[in-house]
Every structure is written in C-alpha cells, then in structure tokens.
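The values are calculated or read from the model by the stated rules, or taken from the named source; none is laboratory data. Note that the structure is predicted; figures quoted are calculated from it, not measured. No Cβ is skipped: glycine too gets one built from the backbone with ideal geometry, and neighbour counts run over all protein chains shown.
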Amino acid sequence: GQNIDQPTEMTATEGAIVQINCTYQTSGFNGLFWYQQHAGEAPTFLSYNVLDGLEEKGRFSSFLSRSKGYSYLLLKELQMKDSASYLCAVRTPHGLSGGSYIPTFGRGTSLIVHP
Amino acid sequence: SQTIHQWPATLVQPVGSPLSLECTVEGTSNPNLYWYRQAAGRGLQLLFYSVGIGQISSEVPQNLSASRPQDRQFILSSKKLLLSDSGFYLCAWSVGQGVDTQYFGPGTRLTVL
C-alpha cells in the first residue's frame, strides 16, 4: 500500500517561517507535488520535485530526499492568506500493469496563521 | 488557456437516489481526467481516471461509476446513493505527459441524507 504522512495541524505567526513535513512509503515513486487548498475550494498547484534538492518559487520552497522518503514545504514571510490546508502528493503506479503514475494524496496539513 | 467546469456546485440527495455529476474541460485536447472524493478530515481519494474516450480505470469498488462520452467530458454516476457517499467531489485534468500536473475543478459538495 501507499503511506503518506503529514502533521494534521500547525500554527504560525504572520511574518514568520513555517516548515511542513511529509514522509512517504510507497511502492514506486515518480515525483512529489505540493498543493494548497483553502476551505471549501479546490486544491491549487504549488510545487513539484522529482530530483533531490530544493526548488524555490517566491515565498515557497520545496525540498525532496528520495533516499529518506521525505519532503518539506517551506513558507516564508507568512501572510494571513496562507491559512489553508497543504497537501503532499506522491506520484505512484496505478492500474493493472502499474503503467500509469498518478498522485496519491496525504491527508493534508491545516496551517493556521495568526496575527 | 484551459478551464475546467463542474456542476452542480452543491447537491443534497436522499439515500437510494441516483447521482450524476458532470465535468468538462476547455482549451486542451485528449487530457487525462480524474475523479477524486474528499471526505471530511480525510485526504483526496482517487475514484476513477481516464486516459481517453471510453477508457475508464476504477480505483475503488463502490457503487459509483464513471463514463467519458466525449474527449473533454467526464461523468460520475451512481444508481443508489449511500450515506457514505457524502463528500466533496473534485474533477481534475492533466496533459498526460511530462510533469503531468493536475488541475482541479471547483468541486461539488454532495450531502446524502
């Protein structure tokens, strides 16, 4: 089976930095996504990592270590609008032959940013 | 640019009633299409995916079915809804190659009473 773990909830202060961790144990790996989902809305794409290392995109960065089955999303200069759920998703094989790689999602981390 | 539509936005249905949710994509050809369900406090569960017209792969053996009658249309159906079918249903599309990022529709909030 596929196992993707994230903390359920985190809180942080406006202007601070927060790191959201994701660990995974999957049968197959072909990339890891981070999505942001505000309450009642659809998830929106934040980042993608397939090789080890750090990917930076503005205030958001994502890191991957394939050997450790570990990723994190780093949010800098937190704003109130960053309060949302952050979903970690690993592309894993699907179908009878395992030929299709489709994201399997963790349960998400609810981030609360307070003034 | 590409857009994805879902309807209805919200739906309240009695147990045992049928269901039909529709998803359409504009601005792209031959997309991969997906149906996910998100129950309260849980992650996104993949229900079905399709790599082409008439090609449906099922991930969970439930009382749900999916069809793809046209290239950019994906329909989720049920003949008899269960209480456990309540949730937030999300349709997504991707190009089917490369990074293959999924882009999600606005979702349908289904409540089964």
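Being modelled with pLDDT of 95 or more, farther than 19 Å from B:Ser17 by Cα and either crowded, with 19+ Cβ neighbours inside 10 Å or touching a Phe, Trp or Tyr at 6+ places or on another chain (Cβ under 9 Å) (or both) narrows it down to one residue among B:Arg109, B:Arg68; which is it?
Values: B:Arg109 fails: farther than 19 Å from B:Ser17 by Cα.
Among B:Arg109, B:Arg68, only B:Arg68 is modelled with pLDDT of 95 or more, farther than 19 Å from B:Ser17 by Cα and either crowded, with 19+ Cβ neighbours inside 10 Å or touching a Phe, Trp or Tyr at 6+ places or on another chain (Cβ under 9 Å) (or both).
Of everything in segment A:85-115 that is surrounded by 13 or more Cβ atoms within 10 Å (Cβ to Cβ) and away from chain B (no Cβ under 14 Å), the residue that is nearest to A:Leu32 (Cα to Cα) is A:Leu111.
If you scan segment B:6-30, which residues turn out to be part of a loop (DSSP other than H, G, I, E, B) and either among the hydrophobic types (A, V, I, L, M, F, W, C) or touching an Asp or Glu at 6+ places or on another chain (Cβ under 8 Å) (or both)?
Keep residues of segment B:6-30 that are part of a loop (DSSP other than H, G, I, E, B), which gives B:8-9, B:14-18, B:27-30.
Scanning segment B:6-30 gives B:Ala9, B:Val15, B:Ser29, B:Asn30.
Answer with yes or no whether A:Gly53 is surrounded by fewer than 15 Cβ atoms within 10 Å (Cβ to Cβ) and either within 14 Å of chain B (Cβ to nearest Cβ) or under 15 Å from the mean Cα position of the chain (by Cα) (or both). Judged against the criteria, A:Gly53 is a match. Considering only residues in segment A:31-43 that are under 23 Å from A:Ser100 (Cα atoms) and more than 9 Å from every other protein chain (Cβ to nearest Cβ), the one that is nearest to the chain's Cα centre (by Cα) turns out to be A:Trp34. Exactly one residue out of B:Leu76, B:Leu83 is among the hydrophobic types (A, V, I, L, M, F, W, C), under 22 Å from B:Gly27 (Cβ atoms) and touching a residue at least 12 places away in the same chain (Cβ under 8 Å): that is B:Leu76.
The criterion of at least 2 residues that are within 14 Å of chain A (Cβ to nearest Cβ) and either aliphatic (A, V, I, L, M) or out of contact with any helix residue (DSSP H, G or I) (no Cβ under 7 Å at 6 or more places or on another chain) (or both) is met by the following strands (runs of 3 or more DSSP E) wholly inside segment B:65-104: B:87-94. Annotation note: of A:Ala12, A:Ala42, the sole residue that is hydrophobic (A, V, I, L, M, F, W, C) and in contact with a His (Cβ under 8 Å, 6 or more places away or on another chain) is A:Ala12. Scanning segment A:29-60 for residues that are over 17 Å from B:Gly98 (Cα atoms) and among the small types (Gly, Ala, Ser) turns up A:Ala39, A:Gly40, A:Ala42, A:Gly53, A:Gly58.
Within segment B:32-57, if we keep just the residues that are without any contact (Cβ under 8 Å) to a residue 40 or more places away in the chain and facing chain A (nearest Cβ under 10 Å), the residue that is surrounded by the most Cβ atoms within 10 Å (Cβ to Cβ) turns out to be B:Tyr49.
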